[in-house]
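Remarks on the structure that follows.
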Amino acid sequence: MKVALVLDDSLDRPDGVQQYVLTLGAYLTGQGHDVHYLCSGTTRTDIPNIHSLARNAGVTFNKNTLRIPLPTSRRRIRAFLAEHRFDVVHIQSPHSPLFAARVMKEAARLGIAVVGTFHILPSGALSSLGSRILRILLWRNLRLFDRMCAVSPPAAEFARRVFGLECRVIPAMVDVSGIARAARAGAKASKGRTVAKGRTVVAFLGRLVKRKGSLELVEALSRVPASVRERMDVRIAGRGPLADEVRHRVDAAGLGDIVAMPGFVSEEDKPRFLGEADIAVFPATGGESFGIVLIEAMAAGAGVVIGGDNPGYSSVLGGHPDVTFDPKDAEAFAALLTRLVGEQGLRSTLHALQHKRVRRYDVDAVGAAVEALYRGDPPSPPPDSDAADRRAT
């Protein structure tokens, strides 16, 4: 098949939707499909068949900074699609009326199959209102989807309730085996120099913005008993507008001797960083439709991965009570960290469950489900149930 993966944003940043598009594109290419990337302005030249068909501008939506396309020439899109004659146009949604919606309209006019992946879950009332306004703007265009999937059950429910879209749940994907190999190679190259001997490594990786919960992590750490804190090696990695405030709160709480802030971690170094964690912690407070970084941490071999009890992260972690928590309840958050630091046996049990669970998100399994969506095949049987995972403990 000849497939166009359509993204309103740029491909220059390693955010979740971009990772989804690039991981899926690499899988499809490996299966022999002819894959093209249609996006707004991008500077990347390391990936073949990238077509920047629109200029873009920066905005903030759902507490994320992203690039949205400026109005795009319908004539240019029409000529491009007529030249390439794709079998499938795959839209990342919600999408802009100014670019992806126009691609959809011209694709439908040419008889090209239009499929979509719904990616978001709103983080608050303002984001929800914005989504409802977008539904009004797109109501005709939404009828052009031939088939639709969403990255999680909560995202599928939101797509149905607000956009009127019926979605098959096909999760986001990662290259589980590739990340595991990269983590092992990184650990070998570092020769263990970055691993604290005799301490439990607690690692956070994400943008230093309010929604990702770095401040909540610092507050919880301040409430962990001193006898437990002295056994912890905490790493808060990432960059963002809260970096200075996080440092200030770390110092004010007297945590400077256990907390390091290494800054930005590259995609190449991410598997090693996550794989060194005994506890990989992602205390996002909301607005998460899925949680690719949780899957990456599991794939990298982190001892145990825990996350905020928002619907997207809970769908990834199975809602297990020992790995999900309310980030805003500092006492409960601190109690969970204290328990996991003190109970290595519990961490081992949870690690075994997550090592099994991560396979359902591997690119080979999920990529095959997306191919089936392209063909219009019925959905495959669901993977092992979350209930079965919980019974194992």
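A few comments on the model shown:
- √(5λ) per eigenvalue of the Cα gyration tensor, region 76-131, largest first, Å: 27, 11, 7
- Of all DSSP bridge pairs formed entirely within the chain, close to 10 percent run antiparallel.
- All C-alpha pair distances within region 149-260, sorted into 10 Å bins from zero, spread as 12, 27, 27, 23, 10, 1 percent across the bins.
- Built amide H within the under 5 Å cut-off of ALA284, gap 5+: GLY308
- Over the chain, Cα pairs under 8 Å with separation of 6+ residues give a relative contact order of 15 percent.
- The packing ranking, built from the mean of other Cβ atoms within 10 Å per residue, places the peptides 286-299, 69-82, 219-232, 162-175 in the order 286-299, 162-175, 219-232, 69-82, highest first.
- Restricting the calculation to Cα atoms, every distinct pair contributes to the Kirkwood radius of region 176-360, found to be 16.1 Å.
- Under Karplus coefficients 6.51, -1.76 and 1.60, residue-wise ³J(HN,Hα) of region 230-247 in Hz, glycine/proline x: 5, 9, 10, 10, 9, 10, 10, 10, x, 9, x, x, 8, 4, 5, 5, 4, 4
- Cα-Cα P(r), region 250-372, percent of pairs per 5 Å interval: 2, 11, 18, 22, 22, 15, 6, 3, 1, 1, 0
- Overall Cα dimensions of region 318-384 - principal axes, largest extent first, Å: 50, 26, 17
- Whole-number D in µm² s⁻¹ for the chain, Kirkwood Cα-pair radius fed into Stokes-Einstein, 25 °C, 0.890 mPa s: 113 µm²/s
- Along region 94-99 the Karplus relation, 6.51 cos²θ - 1.76 cosθ + 1.60 evaluated at θ = phi - 60°, assigns HN-Hα couplings of x, 10, 7, x, 8, 9 Hz to successive residues, with x for each Gly and Pro.
- FRET efficiency for the pair THR43 and SER227, taken as 1/(1 + (r/R0)^6) with r the Cβ-Cβ distance and R0 = 56 Å, rounds to 0.65.
Taken together, the values in this text are just the output of simple stated rules run on the coordinates, not laboratory data. Here the structure is a predicted model, which is why all the values come from computation and not from measurement. Cβ coordinates were reconstructed from backbone atoms using ideal geometry, including for glycine residues, and neighbour counts include every protein chain displayed.
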